[in-house]
Amino acid sequence: MITVTKAKRTKKIFGCTPGRTFRRLLQDQVGMTCLVGLMFLVFIGILAQFWTPKDPTAQDLLRRLESPSGEYWLGTDAVGRDILSRLMVATGVDLAAATLAVSIGLVVGAGFGLLAGYLGGALDSVTSRVFDVLMSLPPLLFAVAIVGALGPSLTNAMIAVGVLLAPRFYRLVRVSTREVISEDFVEAARSGGAGPARIMTRHVAPNIFSPMLVQISFGVSVAIVAESGLSFLGLGVQPPTASWGSMVKEGFDNLAINSWTIVPSSVMIVVSILLLSLFGDSLRDAVGSQGGSKA
């Protein structure tokens, strides 16, 4: 009974539980405003799968490169497609792509980080060197090389971005895991006969979840920027599918004819990155304030 009580007490002191993080986040007006904005973007992306004001692929060459009007609220692109409808579709595409990239980085980086942090030894040395090498590579050139080898497509672009994000998750999870396994509640679990798999999933993972949320929020913003850059270069999403990056490229190609066409997609990129950055800062403050209150 004494061992169990001690384990629970230490876990409460050290851990930044998701519930406590969210309660502190509720007190942050900037963080909650950004969360509402991000949820609205998700809603737009989902809505675009079922409804858009006009057919996002329908072309009307007689109405090409029009400025905003009552019929086309955000104007038309170089082949007369409705920019608003394509922007809605692009929102869903970019959010799905960012989710895929972060998921790949999270599974690879956090998985190896958890194993390396808990087991240590040769596995820790080898994986640390591998991820250090990945961190030292020029991100854009490395992504272009991967997409060039696999072929230009949104999925391949996000695989490249996910590989680039993996070292960030690895380093965070590895360090956090080594801190957690030194706590008394982990020793109590070992004494109780818990194996490595149970300790990592039941005791270590919950205690590094909140810091991981912060890294995920920043990872999504990095993925959106990377996808936009690769799509701008023609290595990401392929026509006629729309993404923010491909729409910026289309607007850039017609900048001399109608400069407005580049504005909507550029604004969406800037707004989404701003929301994610501010939300990540609020999450970091929420996690950090928990640590401060427990010290």
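Points to keep in mind about this one:
- Selection within the stretch 217-227 - more than 8 Å from the chain's Cα centre (by Cα) and open to solvent by 10 Å² or more (accessible area, probe 1.4 Å): 225, 226
- Selection within the stretch 19-60 - closer than 14 Å to residue 279 by Cα and either in contact with a strand residue (DSSP E or B) (Cβ under 9 Å, 6 or more places away or on another chain) or among the small types (Gly, Ala, Ser) (or both): 31, 37
- Per-region count, the stretch 99-119, residues in contact with a helix residue (DSSP H, G or I) (Cβ under 8 Å, 6 or more places away or on another chain) and closer than 24 Å to residue 183 by Cα: 10
- Some residue of the stretch 271-278 being open to solvent by 60 Å² or more (accessible area, probe 1.4 Å) and modelled with pLDDT under 90: no
- Comparison of 270, 220, 237 shows that the only residue that is under 24 Å from residue 100 (Cα atoms) and free of Cβ contacts under 8 Å to residues at least 60 places away in the same chain is 270.
- Test for residue 154: is it surrounded by 19 or more Cβ atoms within 10 Å (Cβ to Cβ), under 18 Å from the mean Cα position of the chain (by Cα) and modelled with pLDDT under 90: yes
- Taken over the stretch 254-267, the criterion of being open to solvent by less than 40 Å² (accessible area, probe 1.4 Å), part of a helix (DSSP H, G or I) and farther than 20 Å from residue 98 by Cα is satisfied by 261, 262.
- Residue, surrounded by the most Cβ atoms within 10 Å (Cβ to Cβ), within the stretch 77-98, restricted to residues that are over 17 Å from the mean Cα position of the chain (by Cα) and either under 26 Å from residue 181 (Cβ atoms) or of a type in the set (A, V, I, L, M, F, W, C) (or both): 83
- Residue 185 vs. criteria assigned to a helix (DSSP H, G or I), under 20 Å from the mean Cα position of the chain (by Cα) and aromatic (Phe, Trp, Tyr): no
- The stretch 42-61 - residue that is within 23 Å of residue 238 (Cβ to Cβ) and touching a residue at least 40 places away in the same chain (Cβ under 8 Å) and, of those, farthest from the chain's Cα centre (by Cα): 57
The values are calculated or read from the model by the stated rules, or taken from the named source; none is laboratory data. If you're wondering where the values come from, they're calculated on a predicted model, not measured in any experiment. Methodologically, a virtual Cβ is constructed for each residue, glycine included, from the backbone with ideal geometry; neighbour enumeration extends over all protein chains shown. Remember, those area values only see protein heavy atoms, side chains included, never the ligands or the DNA or RNA. Shrake-Rupley method; radii C 1.70, N 1.55, O 1.52, S 1.80 Å.
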